[in-house]
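We did not get these values from a lab; they are worked out from the coordinates using the rules stated. None of the values given here were measured: they were computed from a predicted structure. In this analysis, Cβ positions are derived from the backbone assuming ideal geometry, glycine residues included, and neighbour counts consider all displayed protein chains.
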Amino acid sequence: MKIKTTELKGNALDWAVAKCEGIQDSDFVRTHMDAWTYSTDWSQGGPIIEREGISTVQEGDAADWVASVYDHKADDWHLHTLGETPLIAAMRCYVASKLGDEVEITNELIGE
């Protein structure tokens, strides 16, 4: 099933980040999905934010965070995603920058 990157959350978002990091699907499942917590654990997601140069900012009084990353090919900043937390927004941004606007995932990862 295809899901929009902007709608990824929980295990599905963490799986997509793991995929961007080169972790194989079988390794993600074998080590138990809860071992990969990029979207909730700063010790896992933080190094990606730093390495990729992802910027997060809270929009005005809104509860959502906006994440953006500099696209060196286009020589411009691109806003990719919103998220309830800066870490969720940043991980969605990372996935969008690597995999695009939609990701093919299994129903198991989205809780269906």
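For the reader, a short list of remarks on this structure follows.
- If only the Cβ of Lys and Arg carry +1 and only the Cβ of Asp and Glu carry -1, the dipole of the chain around its Cα centre is close to 220 debye.
- Candidate values (i) 1.30; (ii) 1.02; (iii) 0.95 were compared with Cα Rg over 2.2 N^0.38 Å computed on the shown model; the agreeing label is (ii).
- For the chain, lysine pairs with C-alpha atoms less than 22 angstrom apart, excluding pairs fewer than eight positions apart on the same chain, total 8.
- Rounded to 10°, Cα long-axis angle of helix 42-52 versus longest principal axis of the chain: 50 degrees
- Most mobile of 70, 94, 38 in a GNM of the chain (Cα contacts under 10 Å): 70
- Summary value for the chain: 33 percent relative contact order, contacts being C-alpha pairs under 8 angstrom separated by 6+ residues.
- Segment 85-101 - phi-based ³J(HN,Hα) in whole Hz, Karplus 6.51/-1.76/1.60, Gly and Pro as x: 10, x, 5, 5, 4, 5, 5, 5, 4, 4, 4, 4, 6, 9, 10, x, 7
- Helix 10-20 vs. the chain, principal-axis angle (Cα, 0 to 90°, nearest 10): 80 degrees
- Options 24, 95, 8, ranked by Cα towards positive dipole end of the chain, top entry (Cβ charges): 24
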